[in-house]
Amino acid sequence: MEDSENTFTPPSSSCGERKQPVVLIAQLMRSIVQMRHVDEVFVWLSNALVRSLDLPVVQLWKTELDNTGRFQAELRALTTQNSSLSQETHLNSQVLAIIERLFQERRSVMSLPVQYLFSPLQASLFAVYDLHYWAGYFLDSDAVFTPTRTVAVSKPISTPLTVIVSFFTAVPLSADQMRAIHFVLKQAMRIIVDRKFQTFQNSLASVQESPAPVPDAAPVALADIIPTRSQDLQQLQAANPFAYASIIADKKARRVYSAVDGCRSVTELVHITHLAQKDLLEALRYLFQQQKIEFYLAGGERVEHLPPVLSAS
């Protein structure tokens, strides 16, 4: 998620304009009738917490199965007050490592100084934006949900919904803020479970084994192949810009992903990204394996499997 982010101007200093937790839940109950996917709830929550509790940065993370069947943390919603705050400041490998550690330990951390958690350089970057404290709130549910976004796992694994809400703040969370956060998040989790929201994009019934490759398919050239971001991602982002907003760890893959627009061919991407062809092909293979992109031909035909011209080193 490199280009989409919600921002709010800081709320008025009038305490009367801040919403009480019970009011926020009442608003969520009214808004939720239009929502279908859990990510829409997460986006609503990040917006509401920033606006109502005067929090500079709120992130919502959820565990996902990757295409090898392993769990990883993925960012699903993000809201910031400061529009000049670069995402690289608070979305990077150090932050991801802290989030994954909390998922493994299944616990919350409340308002620790950033220098206790991050490198001196990273802590100094936070200080530039007056972000001196970090807190992570762990949530889980006994209800199980069936992931379906992996092609490597033959049988989807039912797992509990686990979430971490991450807060960057100028000062430690106050007792009132912590009580409000606890109430709002617990109630929101209950609503998600009770209403049986979709937690993954595809339904279990739609999961099928990958079809066998068509033999003797006509060869295609790099100039004929047009990468595009996954269609299920585009459809979900129409209602929710944070869908599948995982951090792409590989720097070259991030550069290629940002250049993919559904119009440029592989040959054009070589020129746009200024990468060597070998590096670009490696990045495309990585993105395809992570289900971030799909391949189409100029005539609109979808390429179901990795074309041989991209498989070659």
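The values are calculated or read from the model by the stated rules, or taken from the named source; none is laboratory data. Values in this document were obtained by computation on a predicted structure and should not be read as measured data. Counting neighbours? That spans all protein chains shown, and the Cβs are built from the backbone with ideal geometry, glycine included.
Of the set (1) over 29 Å from LEU78 (Cα atoms); (2) buried (at least 17 other Cβ atoms within 10 Å of the Cβ); (3) at pLDDT 85 or above, all apply to VAL303 but (3).
Does LEU275 count as under 18 Å from ASP250 (Cβ atoms) and assigned to a helix (DSSP H, G or I)? So LEU275 fails the test. Just one of (1) surrounded by fewer than 16 Cβ atoms within 10 Å (Cβ to Cβ); (2) at positive phi; (3) at pLDDT below 85 fails for GLN291. It is (1). State yes or no: is ALA48 part of a helix (DSSP H, G or I) and closer than 19 Å to MET178 by Cβ? Yes: the conditions hold for ALA48. Taking region 278-313 as the range and being in contact with a Pro (Cβ under 9 Å, 6 or more places away or on another chain) and part of a helix (DSSP H, G or I) as the test, the residues that pass are LEU284, LEU287, PHE288, PRO308, VAL309. Pairs meeting the criteria (first residue in region 21-39 and without any contact (Cβ under 8 Å) to a residue 24 or more places away in the chain, second residue outside any loop (DSSP other than H, G, I, E, B), beta carbons under 7 Å, at least 6 apart or on different chains) are SER31/TRP44. So which residues in region 72-127 are part of a strand (DSSP E or B), of a type in the set (A, V, I, L, M, F, W, C) and touching a residue at least 40 places away in the same chain (Cβ under 8 Å), if there are any at all? Within region 72-127, ALA73, LEU75, ALA77, LEU78, MET110 qualify.
Scanning region 242-272 for residues that are of a type in the set (Val, Ile, Thr) and in a loop (DSSP other than H, G, I, E, B), we see that the one that is modelled with the lowest pLDDT is ILE247.
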